[in-house]
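First the structure, in the form of structure tokens, and then the observations on it.
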């Protein structure tokens, strides 16, 4: 079975896009691009799942049921029960699936995985509601992040894998001249998959952060066990269910991918991760557990925490700059690994066009921009979404005790649609550059720090130090001075942190576009992997070359 | 400065060869391809070095001198003294060199590194004598392994790096349509080097195993500290000296590469490896130290020990098969990571053409082939070379106490040219398949084990188990049965061990050709890296993408 013409075309376009790195999107990000009734149908399907056992998986004979999701918008339990299994069951089933999946040829794997992406597309709206009511993302963000953007990143990963798997010839005749005679060898080169792959998901981006690794592993011939965060199972459960159905319909073992739901009080992550037959681990989550995963001496791809900086040096337009930054920190209440946390502002203030604007005025402008956004009746609640975890709620309520000056304290914002929603506007704290102990840790959620520095040189130095020691996934910078820009780029590059310069308008430092932006560089403690560089796929398989005397 | 036409052509041919994987050699392997007086001149230059301080390095102000090389052919000390420095000196100098080298553009780096390879070529014969009198390799093997074959593998590594560094565009305009408007970002993509790289060499292949990593690291913008084995410094010292001279002549910091010679009694390897500024480590050597290196949580590329198998199932020509295997085990007295160690032979014997030949006859044929070769007046001593280390000498003398039956004991072979040479013919031991404890360890040097199995299925099973648990770099197999061949290939592939099938004539399982054979797969405990797959170069740098609003 070869790749269908349609799938082949999509895949080839994706491979080209990866190399051109210009704008490309296979799955339109706007809900209006989909059928008119899709949203209502998605809502209806989601509502029907509430309080029920999740019955879409093809994993038979569950040993128990688990489920503890609570909507951050309603504070009500979703009451959905997922089948649970022992670690041994997952491993045995995955091993069995591996013995057949590893033999499926590249074109066939590509065909079935492309069909999986297509099947997921039909569930985008339902997945969006599922994402909303587990992560606290607004509907629009839920739709985009867990739907088209996730699918694009999955397609990107499998497309690069498809290319890498074909990078060397399957078979060649090697002929070495040796004077009057020659030696002829028939050689074959085979990308051999490593085995069972474990994908450990997080509670804020249960699909986006999970499926690139899933598709990279499957495309390279490995099988996958998806271990979702117990508080954010539904979105990825729907994805896994769809994939199992497509696999089965095409005649493959559906357990090539499995969902391993568990309970917060009895997590099976370590048991799975340490199992000798698990060869590959994709992980998104906190740094401490991520570092444990990295010590396991398996093939591991991690995205951990980072402390992202915004370096404010100078600008042409103070208001545009601050509006852009205000949105970047408010979007999903800063519960993004890409959101800026530390704002480095020189104590003498900054140049705005030809004028010098004082430090206090700059801080005020930031405060006003954030306040204006979060209190905007049409924009505020929708931008903020809701707070996913109790831990983030606690972090918000104790932020004022960190020892920093409070510029703007935590405050609840009302979401008229969901009166019980846990919505919190960003807390703004202020410290001096020397107070490293206060601002060097990631404060995941709506908490930002204004760090007063001697000058931009110090801003750069500290931002670089943060990235080097604690990791950084993004760095926002504003400067109109070419020499300063060059220095920022050079210094942050040496800490492997990408710089987004002078962003204004409808584009934010938080956004990493598939096929163009590498998400996480893999070079600093924020993570050892990157969506999607060649390592992300190449390390999932091994080139084995066999030789024999040619007749 | 762009790449010269000549260098560009060589590099492009190398890149093509990597992808075609047909025979390619930039540097001819036969000494006769070089000038007539080259050998005599090389010998003269080598002789002049004896008993002198090594004065070719551009590393100033040595803190002391070290040197403890002894020729395995003469048992005499070479008496060459190498400048030694503190770890801090190496790191400070390498860090300084890095700050400029990392900014050199890709074409410029390629140009100077190609010139380095050319400069090394002029020293091939001297390096050959240096290799011979440190490793114990015969002259021909020394010439090929440390000369043209090394240079080819270095060129292969830098060529693949050159390609990978250009895999994504330096700069693009990304334009995202957003209804009536569009967002335009100017994006740059930069491969950022990781920093200081450490190359830890071994005593048997001081150049061949070292320079692929050196050229991969340098091409990707890192600097290198070469830590040779204290007993095999001269060959790589000449290489480093040549490279420093080329770098200096071209206006670069010559300390982009440094030689870190040390003493067996006071090794600096761990101090260098653990230094926080060392980001990349290439290692060849024993498994125990290799595993320590792998725990360091740096970017590490290892080649450790393995237990290679020969699976004897059936053949058309018993004599040709055994002649080929006899050479494979005798070449350089089995002091090759690619030499076969365990010979699995079914207890019922094997099919030779249409006839069944008994187990004892097969073992006899192996014994006779080895004995015939090593006692051949023109072939014997030249094939065996000399024993490099005291440890291997001890291993040989105690092999008969391992608990195995002795088929052929250790015996000295006379080398008429070097009467004091440590030459030892392969010891042949015999065990049953169940005696795993005896044959599961690597016995580096001229010791082989005949393992009597129930049948070929058991041979395959045990060979696979050895590769999985202890690593394997090669697997020789002989079979005339297509189903058995398929099974051997499939099972050994799942242990990531490449199979060389039915080799006869002038090609041996030990040989891995640059541009075609991946040396070590990286998939089993024999090593985590491969000469040269994409990972071998990609993991030495990080893609960093910066973005700014396009005007």
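The values are calculated or read from the model by the stated rules, or taken from the named source; none is laboratory data. Predicted model, so just to flag it, every value in this text is computed and none were measured. Neighbour counts are summed over all protein chains in view; Cβ atoms, including those assigned to glycine, are modelled from backbone coordinates with ideal geometry.
Observations, loosely collected:
- Test for residue B:329: is it assigned to a strand (DSSP E or B) and within 30 Å of residue B:497 (Cα to Cα): no
- Apart from one condition, residue A:489 fits all of (1) assigned to a helix (DSSP H, G or I); (2) under 27 Å from residue A:14 (Cα atoms); (3) facing chain B (nearest Cβ under 7 Å); the exception is (2).
- Criterion (under 27 Å from the mean Cα position of the chain (by Cα) and over 18 Å from residue A:138 (Cα atoms)) met by exactly one of A:399, A:433: A:399
- Meets criteria (closer than 30 Å to residue A:105 by Cα and in the same structural domain as residue A:145 (by TED's automatic domain parsing)) for residue A:221: yes
- Residues that are surrounded by fewer than 24 Cβ atoms within 10 Å (Cβ to Cβ) and out of contact with any helix residue (DSSP H, G or I) (no Cβ under 7 Å at 6 or more places or on another chain) within the range B:194-238 comprise B:194, B:202, B:230, listed in sequence order.
- For residue B:165, the test of being at pLDDT 95 or above and within 14 Å of another protein chain (Cβ to nearest Cβ) is passed.
- All positions within the range A:523-547 that are at the interface with another protein chain (Cβ under 7 Å from one of its Cβ atoms), assigned to a strand (DSSP E or B) and either touching a helix residue (DSSP H, G or I) at 6+ places or on another chain (Cβ under 7 Å) or more than 17 Å from residue A:163 (Cα to Cα) (or both): A:544, A:545, A:546, A:547
- Selection count where residues are surrounded by fewer than 23 Cβ atoms within 10 Å (Cβ to Cβ) and more than 13 Å from every other protein chain (Cβ to nearest Cβ), scope the range B:283-304: 5
- One residue alone among A:176, A:180 is within 13 Å of chain B (Cβ to nearest Cβ), over 30 Å from residue A:67 (Cα atoms) and in contact with a strand residue (DSSP E or B) (Cβ under 9 Å, 6 or more places away or on another chain), and that residue is A:176.
- Any hit, the range A:16-23, residues being more than 14 Å from every other protein chain (Cβ to nearest Cβ) and in contact (Cβ under 8 Å) with a residue 40 or more places away in the chain: no
- Checking each residue in the range A:450-480 for being touching a strand residue (DSSP E or B) at 6+ places or on another chain (Cβ under 6 Å) and surrounded by fewer than 19 Cβ atoms within 10 Å (Cβ to Cβ) picks out A:455, A:480.
- Residues satisfying the criterion are present in the range B:500-511 (criterion: within 23 Å of the chain's Cα centre (by Cα), more than 23 Å from residue B:362 (Cα to Cα), in contact (Cβ under 8 Å) with a residue 40 or more places away in the chain and within 10 Å of another protein chain (Cβ to nearest Cβ)).
- Here A:400, A:354, A:319, A:348 are screened, and the one residue that is at pLDDT below 95 and assigned by TED's automatic domain parsing to the domain that holds residue A:485 is A:400.
- Residue satisfying all of: in the range B:63-81; within 10 Å of residue B:263 (Cβ to Cβ) and in contact (Cβ under 8 Å) with a residue 40 or more places away in the chain; surrounded by the most Cβ atoms within 10 Å (Cβ to Cβ) among these: B:67
- Unique match (being part of a helix (DSSP H, G or I) and in contact with a strand residue (DSSP E or B) (Cβ under 6 Å, 6 or more places away or on another chain)) among B:143, B:129, B:90, B:125: B:90
- Taking the conditions (1) in a loop (DSSP other than H, G, I, E, B); (2) within 21 Å of residue B:118 (Cα to Cα); (3) within 27 Å of the chain's Cα centre (by Cα) in turn, residue B:68 satisfies each one other than (2).
- Segments classed as helices (runs of 4 or more DSSP H), wholly inside the range B:177-274, with at least 1 members that are in contact (Cβ under 8 Å) with a residue 24 or more places away in the chain and over 23 Å from the mean Cα position of the chain (by Cα): B:234-249, B:269-274
- Of all the numbered requirements in (1) in a loop (DSSP other than H, G, I, E, B); (2) within 26 Å of the chain's Cα centre (by Cα); (3) not assigned by TED's automatic domain parsing to the domain that holds residue B:276, residue B:74 misses one, and that requirement is (3).
- Total residues in the range B:409-456, condition assigned to a strand (DSSP E or B), at pLDDT below 95 and in contact with a helix residue (DSSP H, G or I) (Cβ under 7 Å, 6 or more places away or on another chain): 0
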